[in-house]
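Everything on this sheet refers to the single structure shown next.
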Amino acid sequence: YHHAQRKHAYQNKRIFEHVFAGAERNIGALGLLSFDTVASKLTYPAAMTFLLSQERFAMGWAMDGVEVGTGHNCLIKHEHEKVYIAGEILFEGDDRVRFNFLSGTFTRQISPLYEPGEDSFYNQW
């Protein structure tokens with residue numbers, strides 16, 4: 001999906017991912033072992049998209065509102081990859097990270113699949 005945009009993001013070191021056993025890694029994505037390894041490569045504040053699928057946890061460093069190559073749809077490997085949750089992460093400094101689990105791209109669409117639906121996200125956090 002959006003191959004030219006993804007290529008641009010990989011070349012500019014904007015995609016980080018941790019791939020689970022048996023899944024195929026996105027060529028060009030930077031390895032993600034901990035938030036510390038990512039934080040050492042950032043300038044602050046750093047806003048990122050993220051997703052958790054059955055194959056990976058991935059983050060895309062969006063440098064502006066266009067999110068070239070770092071949007072949620074660019075973080076998956078293929079169209080059959082099941083996404084569990086997606087949103088945004090804001091790295092505010094060395095010791096502060098904020099999550100937004102209510103992203104419109106995936107999470108609002110898949111939340112009705114979980115009991116009790118969208119309310120579960122509000123109650124959890």
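The values are calculated or read from the model by the stated rules, or taken from the named source; none is laboratory data. For clarity, every value in this text was computed on a predicted model and none was experimentally measured. Quick reminder, even Gly has a Cβ in these numbers, built from the backbone with ideal geometry, and neighbours come from all protein chains shown. The protein model used for the area step is the full one, side chains on, heavy atoms only, and it has no ligands, DNA or RNA in it. Shrake-Rupley method; radii C 1.70, N 1.55, O 1.52, S 1.80 Å.
Only residues in segment 31-47 that are within 15 Å of Gly60 (Cβ to Cβ) count as the first member; pair them with residues that are small (Gly, Ala, Ser), Cβ under 9 angstrom, at least 6 apart or cross-chain, and list the lot.
Within 9 Å, the pairs are Leu32/Ala58; Val38/Ala46; Ala46/Ala39; Ala46/Ala62; Ala47/Ala62.
Is it true that His72 is open to solvent by 70 Å² or more (accessible area, probe 1.4 Å) and within 20 Å of Phe99 (Cβ to Cβ)?
Answer is no for this residue.
Can you tell me how many residues in segment 1-59 are among the aliphatic types (A, V, I, L, M), in a helix (DSSP H, G or I) and open to solvent by less than 40 Å² (accessible area, probe 1.4 Å)?
Final tally of qualifying residues: 3.
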